[in-house]
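Working notes, structure below.
Derivation of every value follows stated rules applied to the coordinates shown; laboratory data play no part. Keep in mind it's a predicted model, so treat the numbers as computed, not measured. Positions of Cβ are generated from backbone atoms using ideal geometry, with glycine treated the same way; all protein chains shown enter the neighbour counts.
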Amino acid sequence: MATITYPIFKLHFLSPLHLSKGKDDYDASEQMLRSDKIKAAILADGLLLYNEAKRKVEGKGEMENFLDDFFISSAYPFYKDEYFFPKPLCPIWFEMAASLGEANQKKSIKKIQFIGQSLFQKILLGEVHHIEENEVLDNGKMISQQFANEKEPSKIQPIKSFLQQRVAIPKYGSEEDSMPFYTERLFFRENAGLFFLVKEGASEAVLKKLKGILSFIGDNGIGTDTSVGNGRFTVEQSTVSLNIANNADAQMALSLYCPKDGELNNSMLAKSAYQLIKRGGWIASSPYVDNRTKRKKTVYMFTEGSVFPNQKLVGEIHDLRPSVAKQHPVYRDGRAIFIPLKTK
């Protein structure tokens with residue numbers, strides 16, 4: 001058994017959060033802050049912070065070179081001292097306790113989205129575990145051993161969501177009517193927020209610079225509707241350690257992953273468990289105002305929790321700059337953090 005220690009950044013939200021899915025359906029928010037979106041925010045706000053906003057199309061500036069210095073995971077919930085990780089998409093070693101009803105075993109396992117650190121550790125090591133009723137949180141979406149002694153653990157919700165009605169006001173001089181719409185906003189209870197990992201090996205200088213940029217992002221907000229106060233947060237730096245099995249035979253993505261040519265072949269995919277997600281959406285943070293109404297190109301990536309054979313995988317960055325927005329690149333980072341695990 002070996003231990004990996006990751007630097008982490010915890011985002012303590014001061015205001016509600018809405019994470020667009022890249023579509024026009026504001027009534028649904030992403031439930032996690034994905035790695036490519038965090039990296040895009042780090043680049044956009046870093047360019048402003050370091051006064052490098054209007055860079056050239058060709059060649060990389062200081063901030064773009066900085067992005068090459070570290071890999072990050074997507075951001076997952078934490079509550080108090082418990083960190084939650086995504087459920088692997090391969091079969092896991094866990095079973096629901098008999099008290100929860102045998103008939104609902106598969107359905108209950110399928111409903112789980114996030115797994116607390118101590119139980120996630122068991123999955124990585126390939127240990128069998130029977131999930132007890134008092135380990136089930138958020139009506140079955142999370143499991144953890146940390147809150148077994150609290151009253152009604154199943155009702156503990158680190159994140160709650162509410163639909164807010166708003167009105168879209170047409171531009172001055174337009175004959176269109178005002179249109180109501182709904183937006184889902186995520187609220188974090190006290191001592192809850194989102195955290196993400198930085199791949200081990202990042203230098204102290206990189207972590208210091210990264211924390212400074214994240215603090216700047218936190219002041220401005222992340223996600224959708226930051227102009228009305230959404231997505232504000234403070235940053236806390238810490239570490240988290242995970243034990244991995246010496247005989248791990250697979251690896252799980254903790255980030256969105258977009259493979260380089262030749263990294264994956266049909267034989268590897270046949271032994272993998274994965275889902276794909278399309279990434280794109282609007283250009284939202286360009287220093288060129290005209291570009292903010294342009295749609296990016298799209299790219300498909302493997303989701304967090306995807307499991308692949310234990311072979312070196314890295315991924316690559318894609319430029320989703322549309323042909324009508326030539327002033328600067330629009331990067332989406334598909335390089336991932338992978339953690340070894342023992343499959344069932």
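In order along region 212-225, phi translates into HN-Hα couplings of x, 5, 4, 5, 5, 4, x, 5, 8, x, 10, x, 8, 6 Hz, rounded to whole numbers, per the Karplus curve 6.51 cos²θ - 1.76 cosθ + 1.60 with θ = phi - 60° and x for Gly and Pro. Sequentially through region 142-147, phi angles give Karplus couplings (6.51, -1.76, 1.60; θ = phi - 60°) of 10, 10, 6, 9, 6, 10 Hz, Gly and Pro residues having no value and appearing as x.
Taken along its three principal axes, the alpha carbon spread of region 194-258 comes to 50, 26, 20 Å, from the longest extent down to the shortest.
Over 29 Å between C-alpha atoms is what I'm after, so list which of Lys107/Lys199; Lys37/Lys110; Lys87/Lys271; Lys160/Lys271 land there.
Lys107/Lys199; Lys160/Lys271, as the Cα separations exceed 29 Å there.
When Ser73, Ser241, Ser154, Ser20 are arranged by Cβ crowding within 10 Å, least crowded first, meaning fewest neighbours, the order is Ser241, Ser154, Ser20, Ser73.
Multiplying the residue separation of Gln31 and Glu190 by 0.36 nm and removing their Cα-Cα distance gives an extension gain of 55.5 nm.
By the beta-carbon count within 10 Å of each Cβ, the least crowded to most crowded order of Ile339, Ile217, Ile169, Ile72, fewest first, is Ile169, Ile339, Ile217, Ile72.
Among Lys209, Lys37, Lys151, the order by Cβ neighbours within 10 angstrom, fewest to most, reads Lys151, Lys209, Lys37. A cut-off of 5 Å between modelled amide H atoms, ignoring neighbours fewer than 5 places along the same chain, links Leu197 with Ser73.
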